[in-house]
């Protein structure tokens with residue numbers, strides 16, 4: 001291979017360097033790479049695995065810093081004892097080569113040996129066990145998705161094919177209002193954006209300017225485990241588990257599984273399937289309603305026909321109307337035949353009775369009857385006055401008999417006795433409740449001026465003289481602290497009582 005010395009300027013002049021075509025240069029690189037390395041063994045973690053329709057397998061080998069594209073042909077895949085799966089740590093044996101059409105190098109793998117579970121998968125499994133132990137994946141806490149939501153919230157990238165697939169499927173099945181919260185679906189921004197979107201939808205107030213969704217769809221297309229790693233973030237899983245709005249996870253394809261799938265209320269294998277799970281098929285509902293309407297119409301028609309048939313069957317057991325009316329019609333005919341003759345006979349009989357009555361109404365006969373009735377009335381009036389007088393006499397006699405007088409005297413005596421008993425009872429109550437009974441038990445009533453009862457010792461001391469009432473009478477007394485009687489009063493007292501003359505009168509005692 002001839003190289004051009006870049007230090008020597010060649011401003012458009014002739015040169016002896018060979019001009020390579022693209023294919024020649026690509027072939028030279030391929031030969032150099034294959035000759036330098038030949039057969040190698042590479043240890044790494046298996047990333048995205050794709051099996052083409054031809055049977056060839058394409059996958060990535062990676063570590064924490066680099067990725068090598070790898071390929072195994074159909075025959076090599078069939079001879080592998082262990083097929084590589086995403087997340088496995090393997091040792092791949094093969095040849096390093098290039099792929100000219102895309103200007104990249106790749107490892108053509110002939111054999112794969114397992115070397116471990118892989119760092120990412122081990123981390124993912126540990127996180128899954130931790131969150132499962134907290135109960136975030138329990139089936140009991142999952143909420144049912146509404147049958148026909150009015151508003152659907154979608155958390156995804158607004159520029160990808162996912163949102164178009166969801167909108168197209170919703171339009172085909174049952175058009176609904178869709179609110180899209182744009183997020184980054186991979187990279188460092190992905191977890192924070194998804195958490196913010198889920199919490200933002202839950203923070204919307206019902207009936208606000210922005211309608212609150214009835215169901216949420218978190219969607220993303222397929223990719224490697226690195227591309228989907230944002231949906232394995234612990235914050236994303238906790239936000240999905242804490243969502244009050246039912247959440248459908250549609251991350252990746254059917255073979256892709258992330259931790260948000262376990263925390264979601266429902267998992268869809270693809271974003272399109274998520275749209276199918278969110279709403280029913282409108283045409284199917286219309287067909288179902290039409291089918292129910294048809295069944296209802298058929299049931300109503302069959303019921304009416306059955307009842308009409310039963311009515312006809314019952315009608316057969318009833319007699320015919322003409323048979324029921326035959327006897328009454330005959331009776332009517334016979335009665336109508338006799339009616340004319342009966343009416344003439346009745347008229348003749350009534351005319352004869354009228355003539356007889358008219359014959360008895362001659363003036364002389366009428367005067368005789370009136371005189372006869374007048375005499376009978378006068379006789380009755382003559383008998384009425386004595387009968388009335390006799391009846392009044394009998395009534396008076398009955399009212400003045402001794403028996404009625406005895407009954408009246410007994411009633412008066414009984415009434416007087418009852419009144420006396422009542423008066424005695426009232427007197428006994430008066431004596432038992434009066435203060436005289438209290439005086440009989442040794443108590444006394446102290447009265448002041450105007451015969452007013454005194455209720456305190458202080459009021460009694462303030463008076464010059466008090467009256468004491470006991471059971472057998474009253475007497476005057478002086479309160480404690482009063483001065484002795486004057487000499488004139490003592491002399492008058494001595495004169496009134498000779499026995500006490502020359503003796504010193506005793507002092508008045510105190511009641512207090």
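Since every read-out is calculated from the coordinates, none of them should be taken as a lab result. This structure is a prediction, so every number in the text was calculated from the model and none was measured. Heads up, the Cβs are rebuilt from the backbone with ideal geometry, glycines too, and the neighbour counts pull from every protein chain shown.
At-a-glance table
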{"quantity": "Tilt relative to the chain, helix 487-496 - C-alpha long axis, 0 to 90 degrees, to 10", "calculated": "50 degrees"}
{"quantity": "Pair residue 449, residue 345: separation of 7 Å Cα→Cβ label points (nm)", "calculated": "12.4 nm"}
{"quantity": "Cα-based Rg of the chain normalised by 2.2 N^0.38 Å, two decimals", "calculated": "2.83"}
{"quantity": "Relative exposure of 471, 431, judged by other C-beta atoms within 10 Å (fewest first)", "calculated": "431, 471"}
{"quantity": "Pairs of Cα atoms farther than 18 Å apart, the stretch 95-217, %", "calculated": "72 percent"}
{"quantity": "Shape category assigned to the stretch 157-196 from the gyration tensor of Cα positions, a/c cut at 1.5", "calculated": "prolate"}
{"quantity": "Computed label-point distance, nm, for sites residue 127 and residue 18 using a 7 Å Cα→Cβ extension", "calculated": "5.2 nm"}
{"quantity": "Inter-site label distance for residue 34 and residue 78 at 7 Å from Cα along Cβ, in nm", "calculated": "2.3 nm"}
{"quantity": "Normalised contact order of the stretch 22-117, rounded percent, pairs of Cα under 8 Å and 6 or more residues apart", "calculated": "30 percent"}
{"quantity": "FRET efficiency for residue 150 and residue 105, using Cβ-Cβ distance with R0 set to 35 Å, rounded to 0.05", "calculated": "0.05"}
{"quantity": "Antiparallel DSSP beta bridges within the chain, percent to nearest 5", "calculated": "65 percent"}
{"quantity": "Protection proxy ranking, peptides 190-203, 65-78, 126-139, 337-350, average beta carbon neighbours within 10 Å, highest first", "calculated": "190-203, 65-78, 126-139, 337-350"}
{"quantity": "Net length gained if the chain between residue 184 and residue 309 were fully extended (0.36 nm per residue, minus Cα distance)", "calculated": "37.8 nm"}
{"quantity": "Theoretical gain in end-to-end length, residue 463 to residue 384 [0.36 nm per residue, Cα-Cα removed]", "calculated": "19.2 nm"}
{"quantity": "Sites residue 368 and residue 327, calculated FRET efficiency, Cβ-Cβ separation with R0 51 Å, nearest 0.05", "calculated": "0.35"}
{"quantity": "Projected-area mean, the stretch 137-279, by convex hull of Cα positions, square nanometres", "calculated": "7.7 nm²"}
{"quantity": "Pairwise FRET efficiency - residue 419 versus residue 441, Cβ, R0 = 22 Å, nearest 0.05", "calculated": "0.10"}
{"quantity": "Cut-off 17 Å (backbone N to label point 7 Å along Cα→Cβ of residue 177), residues of the stretch 195-214", "calculated": "201-214"}
{"quantity": "Rounded tilt (10° steps) of 190-203 against the dominant C-alpha axis of the chain", "calculated": "20 degrees"}
{"quantity": "Cα-only radius of gyration and Dmax that characterise the stretch 22-117, units Å", "calculated": "13.4, 42"}
{"quantity": "Taking the stretch 87-149 and dividing mean pair separation by its residue count, relative contact order in percent (alpha carbons under 8 Å, at least six apart)", "calculated": "30 percent"}
{"quantity": "Burial order of peptide ranges 162-171, 460-469, 286-295 (average beta-carbon count within 10 Å, highest first)", "calculated": "162-171, 460-469, 286-295"}
